[in-house]
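Structure first, then comments.
The values are calculated or read from the model by the stated rules, or taken from the named source; none is laboratory data. Note that the structure is a prediction, hence the values are computed from the model and not measured. In this analysis, Cβ positions are derived from the backbone assuming ideal geometry, glycine residues included, and neighbour counts consider all displayed protein chains.
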Amino acid sequence: MSKGSYEIKVNHGAKIVEMYIGGTFTPTDVQNFVSDYQKEVSAINAPVYTLEIDCSYMDLLKQEMIPSLENSYKMYKESGFKKVIFKIKQNPVLKLQLNRLARNTGLTNAEVIEG
């Protein structure tokens, strides 16, 4: 298990918000992420952007992390992105977890891509 880390970059030319998420987040990490996310996304017209989230180095989801992740998914949904893409390494369990979260939160324009 590694410490949680993230990065958010807006690629205005390609109309993509590129995010990297790794490790396991503490509640403080989650608060910082939400604050940074809202700051970046409020500066763009989200419905014309795709949100690409690189989860290649994300740990499998622990039960206590599910509520925070559900809130993140709801936040992505409320932002109104054209499409939300989660990129992961070959990992059937994580893919299942991320797809279930998308379904549970109504994030219907999400796709999990294994690479």
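Cβ-Cβ contacts under 8 Å between residues 6 or more apart (or on different chains), taken from a first residue in the stretch 32-45 that is touching a residue at least 12 places away in the same chain (Cβ under 8 Å) to a second residue that is part of a helix (DSSP H, G or I) and exposed (fewer than 14 other Cβ atoms within 10 Å of the Cβ), are listed as 34/71.
So that you can scan it fast, the table gives a plain yes or no per residue for (1) loosely packed, with under 12 Cβ neighbours inside 10 Å; (2) closer than 20 Å to residue 7 by Cα; (3) among the acidic types (Asp, Glu):
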{"residue": "71", "(1), (2), (3)": "no, yes, no"}
{"residue": "84", "(1), (2), (3)": "no, yes, no"}
{"residue": "92", "(1), (2), (3)": "yes, no, no"}
{"residue": "107", "(1), (2), (3)": "no, no, no"}
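Considering 10, 17, 34, the condition of being in contact with a Leu (Cβ under 8 Å, 6 or more places away or on another chain) and closer than 23 Å to residue 108 by Cα is satisfied by 17 alone. Taken together, the criteria exclude residue 40 from residues that are of a type outside the set (A, V, I, L, M) and under 21 Å from residue 95 (Cβ atoms). Among the residues of the stretch 6-54, those that are among the small types (Gly, Ala, Ser), modelled with pLDDT of 90 or more and closer than 21 Å to residue 68 by Cα comprise 35, 42.
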